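A short worksheet on the structure shown next.
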Amino acid sequence: MYEAFIDLDELIVRCRDKQARKFIKEAVACYRAGAYRSCIVATWNAVVFDFLHKLTELKLLEDKEASNLLEQFEKLSSEKKVKELWQFESDIPKKALNPFELISTVEKSDIERLFEDRSRCAHPSMTSLEEPFEATAELARYHLRSAITHLLERPPVQGRAARERIFQDIKSEYFPTDSELAIKYFQKSPLARARLALIKDVVRGLTINLLTENLPEDERERQFSAIHAISSMYPEQTREILNEKLSDIILNKVVDTNWEKVIIYLADVKIWDTLTEPCQLKAVAFIEKLNIFDTSRYYLCEQNVYIFFKAAQISFLKEAIYVKLQLLTLKQLLSLKEFCQEKLQNSSINEVMESLLEKAIPQASFNELVSMISKDNNSWNEKIYLYLMEKIKEASLKGIFCNLSEITQEEKLLKITEQRLLYLLENASLEKLLQVSKYYVYKLSGSNLESAIELLKTSIIKLSQQVEFDKLILMKSNYSNEFLDDLLKPILIENLPKIVSNFRLSDSYDDAAFNANILLEIADSLSPAEWESILKAFCENDQIYDSRGCPSIFESLFNKSRKLNNCVEPYWLSFRENLNTFGSSYKKINKLKQLIDSYLPIK
């Protein structure tokens with residue numbers, strides 16, 4: 001906390017109050033001139049003016065005791081009560097300690113000694129005539145330094161009031177979460193040139209809060225920012241405090257449910273050097289029991305993964321991390337690697353992950369090998385490609401389409417992938433092809449095998465022509481997507497009479513809605529006669545007009561017809577007349593009526 005030697009000019013700069021600084025300049029000038037008695041007297045004058053200035057600052061902060069003491073001084077000064085003013089000065093060390101906590105008990109002794117020596121220097125009658133008081137250079141410099149480091153360089157708020165103010169500032173939502181900005185903030189606060197006791201109180205208080213309290217995340221960010229700022233301002237003191245107190249705080253105040261806070265703290269606040277063995281043992285046990293994966297559902301526990309990778313930054317936990325990774329299955333390792341891809345970069349744990357994955361390459365499946373491919377590590381990929389070329393020969397249609405954009409980035413794999421894909425397409429069922437088109441075609445965009453889409457299209461069309469139309473429509477409904485709708489539309493158009501007939505003969509509500517949706521897809525190909533047949537069936541078949549979905553589908557059919565023809569066709573007019581037979585209880589049909597009416601001339 002204390003420098004070995006401080007230059008006199010630097011001591012002057014450290015004074016906060018201008019008036020006190022003026023007296024310190026005078027004291028330094030006296031010291032350099034060898035006038036050590038004058039130096040001590042000027043130093044005490046600086047202390048008095050600094051104390052009064054601090055009282056003024058505290059008065060502005062609505063400190064009643066400071067206000068009363070300042071009024072007392074001003075009254076004594078105006079009334080020129082010399083004896084009482086002398087007593088006021090002699091009480092400054094006592095008042096600075098209590099109630100204002102501006103100095104410590106030890107510092108109080110130093111300031112009292114300064115006052116006593118000042119009296120010996122300024123009042124010869126207080127010393128022996130035979131042995132007059134001799135002020136030495138060492139004594140003068142000691143008083144200069146003590147006055148400045150104990151009192152003059154510090155803000156007016158120290159002790160309990162300072163602690164309360166600092167924690168109140170940190171609690172504010174406007175306190176900076178960036179540690180560099182927090183340093184600038186603290187340089188204008190009681191933490192500027194703070195006493196060791198204050199630093200201890202704040203560091204200890206922040207540490208206990210971060211380890212034991214369930215604070216909102218934004219408040220935790222502010223507290224971490226504060227402790228990082230303090231450790232930058234006072235690195236040696238913070239390290240000493242944490243090395244002495246951190247283990248005790250963890251062991252005596254942290255309950256089991258808060259141990260993840262311990263890991264986060266140890267990883268983020270790096271200024272501590274060591275923990276006691278019991279503390280380290282508890283940390284290792286916590287990591288051993290930490291579930292990275294949900295044991296019942298086999299998915300990653302994101303919060304626990306975050307804690308796990310924080311623990312990897314703590315040196316004494318690295319062995320426990322390695323053991324934990326060794327216990328994971330290959331599937332879990334790959335899942336962890338994918339989830340943490342960005343976090344793994346520039347991390348020592350990346351080397352451990354790669355080491356374990358490399359050992360698993362020969363036994364890995366096709367999908368697992370694809371998952372191991374790196375975006376920027378070519379030497380790593382070369383090891384994988386040797387085994388992947390063999391695995392492709394056994395890959396499934398789903399596996400190839402799912403991973404197509406990954407495996408075709410390498411020319412060595414391109415040809416063998418095409419060969420396998422052609423074989424699988426030729427031997428797949430229509431339902432399997434439709435399934436692939438629904439879930440994996442979107443992955444092909446931008447890959448080197450966009451021709452695979454054309455191969456898939458050709459295979460689907462070929463097999464579609466070999467399947468009964470009703471069965472094809474049912475299969476299409478199970479795997480419907482934009483790709484498949486465009487692909488099969490020509491087949492639908494070829495079977496328009498069948499589609500219209502199926503709708504007219506709908507024998508259930510669900511059947512009616514299903515058939516109506518098919519009509520919506522090929523509405524632009526319907527003839528006027530087919531429209532009339534469809535609209536007539538709507539009014540006559542109770543399975544259609546009572547179907548929950550059909551009226552809203554017919555709203556879409558009306559809008560599509562109107563946009564295609566730029567007008568309301570006559571068959572819609574006759575249809576609208578027929579809708580009048582349905583009473584007001586048919587709410588969805590009433591909505592259909594209103595839609596058609598909104599495009600008809602007002603009578």
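The values are calculated or read from the model by the stated rules, or taken from the named source; none is laboratory data. Quick caveat: nothing in here was measured; it's all calculated off a predicted structure. Counting neighbours? That spans all protein chains shown, and the Cβs are built from the backbone with ideal geometry, glycine included. Remember, those area values only see protein heavy atoms, side chains included, never the ligands or the DNA or RNA. Shrake-Rupley method; radii C 1.70, N 1.55, O 1.52, S 1.80 Å.
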Can we say Leu85 is assigned to a helix (DSSP H, G or I) and open to solvent by less than 50 Å² (accessible area, probe 1.4 Å)? yes
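Would you point out the residue of region 351-369, among those that are open to solvent by 10 Å² or more (accessible area, probe 1.4 Å) and within 20 Å of Ile416 (Cα to Cα), that is modelled with the highest pLDDT? Explain how you work it out, then say what you get.
Pass one, region 351-369, residues open to solvent by 10 Å² or more (accessible area, probe 1.4 Å): 351-352, 354-356, 358-360, 362-363, 365-368.
Those still in the list that are within 20 Å of Ile416 (Cα to Cα) too: 362, 365-368.
Values: Pro362: 90, Ser365: 86, Phe366: 86, Asn367: 84, Glu368: 85.
Within region 351-369, the match that is modelled with the highest pLDDT is Pro362.
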Of the candidates Ala27, Ala42, Ala20, Ala46, the one satisfying the condition of being modelled with pLDDT under 90 and closer than 29 Å to Glu134 by Cα is Ala20
Would you check if Arg32 is in contact (Cβ under 8 Å) with a residue 40 or more places away in the chain and open to solvent by 30 Å² or more (accessible area, probe 1.4 Å)? no
Quick one: which residue in Ser78, Ser90 is over 54 Å from the mean Cα position of the chain (by Cα) and open to solvent by 60 Å² or more (accessible area, probe 1.4 Å)? Ser78
Give the residues of region 122-147 that are part of a helix (DSSP H, G or I) and at pLDDT below 90, sorted by residue number. Ala122, Pro124, Ser125, Met126
Check Ser315 against each of (1) open to solvent by less than 70 Å² (accessible area, probe 1.4 Å); (2) closer than 19 Å to Asn350 by Cα and name the one condition it does not meet. (1)
Residues that are crowded, with 19+ Cβ neighbours inside 10 Å and of a type in the set (Gly, Ala, Ser): which helices (runs of 4 or more DSSP H) entirely in region 491-556 hold 2 or more of them? 509-521
Restrict the check to region 107-121 and report whether at least one residue is part of a helix (DSSP H, G or I), without any contact (Cβ under 8 Å) to a residue 24 or more places away in the chain, closer than 27 Å to Glu164 by Cβ and open to solvent by less than 20 Å² (accessible area, probe 1.4 Å). no
Every pair of residues 6+ apart whose Cβ atoms lie under 8 Å, when the first sits in region 256-279 and is closer than 26 Å to Asn291 by Cβ while the second is surrounded by fewer than 20 Cβ atoms within 10 Å (Cβ to Cβ) and among the hydroxyl-bearing types (Ser, Thr, Tyr): Asn258/Thr212; Lys261/Thr212; Leu275/Ser247; Pro278/Ser247; Cys279/Ser247
Scanning region 232-270 residue by residue, those part of a loop (DSSP other than H, G, I, E, B) and either in contact with a strand residue (DSSP E or B) (Cβ under 9 Å, 6 or more places away or on another chain) or open to solvent by less than 20 Å² (accessible area, probe 1.4 Å) (or both) turn out to be Val254, Val269
Output yes when any residue across region 272-293 is open to solvent by 10 Å² or more (accessible area, probe 1.4 Å), in contact with a helix residue (DSSP H, G or I) (Cβ under 7 Å, 6 or more places away or on another chain), closer than 28 Å to Leu181 by Cβ and of a type in the set (Val, Ile, Thr), and no when none is. no
Quick test of your reading of the structure: Trp86 fulfils all but one of (1) touching a residue at least 12 places away in the same chain (Cβ under 8 Å); (2) out of contact with any helix residue (DSSP H, G or I) (no Cβ under 6 Å at 6 or more places or on another chain); (3) of a type in the set (A, V, I, L, M, F, W, C). Name the failing condition by number. (1)
I need the full set of residues from region 165-223 which are aromatic (Phe, Trp, Tyr) and closer than 18 Å to Glu236 by Cβ, in order please. Phe186
Within region 94-106, work out how many residues are open to solvent by 20 Å² or more (accessible area, probe 1.4 Å) and in a loop (DSSP other than H, G, I, E, B). 4
Reported set for region 338-350 where residues are open to solvent by 80 Å² or more (accessible area, probe 1.4 Å), modelled with pLDDT of 75 or more and outside any helix (DSSP H, G or I) is none
Which condition number in (1) open to solvent by less than 20 Å² (accessible area, probe 1.4 Å); (2) outside any loop (DSSP other than H, G, I, E, B) is the one that Lys324 fails? (1)
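Residues being part of a helix (DSSP H, G or I) and acidic (Asp, Glu): count how many of those fall in region 567-591.
Qualifying residue count, region 567-591: 1.
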Inside region 574-596, the number of residues satisfying the requirement of being of a type outside the set (Val, Ile, Thr) and surrounded by 12 or more Cβ atoms within 10 Å (Cβ to Cβ) is 13
Within region 148-189, tally of residues that are farther than 22 Å from Arg14 by Cα and either in contact with a Lys or Arg (Cβ under 6 Å, 6 or more places away or on another chain) or in a loop (DSSP other than H, G, I, E, B) (or both): 8
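Each row is one residue, and each column tells you yes or no for (1) open to solvent by 70 Å² or more (accessible area, probe 1.4 Å); (2) touching a helix residue (DSSP H, G or I) at 6+ places or on another chain (Cβ under 6 Å); (3) farther than 25 Å from Glu116 by Cα.
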{"residue": "Thr149", "(1), (2), (3)": "no, no, no"}
{"residue": "Leu152", "(1), (2), (3)": "no, yes, no"}
{"residue": "Ala161", "(1), (2), (3)": "no, no, yes"}
{"residue": "Glu173", "(1), (2), (3)": "yes, no, yes"}
{"residue": "Ile183", "(1), (2), (3)": "no, yes, yes"}
{"residue": "Phe186", "(1), (2), (3)": "no, yes, yes"}
{"residue": "Arg193", "(1), (2), (3)": "yes, no, yes"}
{"residue": "Ala197", "(1), (2), (3)": "no, no, yes"}
Somewhere in region 294-304, is a residue surrounded by 12 or more Cβ atoms within 10 Å (Cβ to Cβ), part of a helix (DSSP H, G or I), out of contact with any Ser or Thr (no Cβ under 9 Å at 6 or more places or on another chain) and touching a residue at least 12 places away in the same chain (Cβ under 8 Å)? yes
When you go through Glu431, Glu468 one by one, which is the residue that is open to solvent by 60 Å² or more (accessible area, probe 1.4 Å) and touching a residue at least 24 places away in the same chain (Cβ under 8 Å)? Glu431
Checked region 9-31 for anything touching a helix residue (DSSP H, G or I) at 6+ places or on another chain (Cβ under 6 Å), under 23 Å from Leu102 (Cα atoms) and not in a loop (DSSP other than H, G, I, E, B); matches are Leu11, Ile12, Arg14, Gln19, Ala20, Phe23, Ile24, Lys25, Ala27
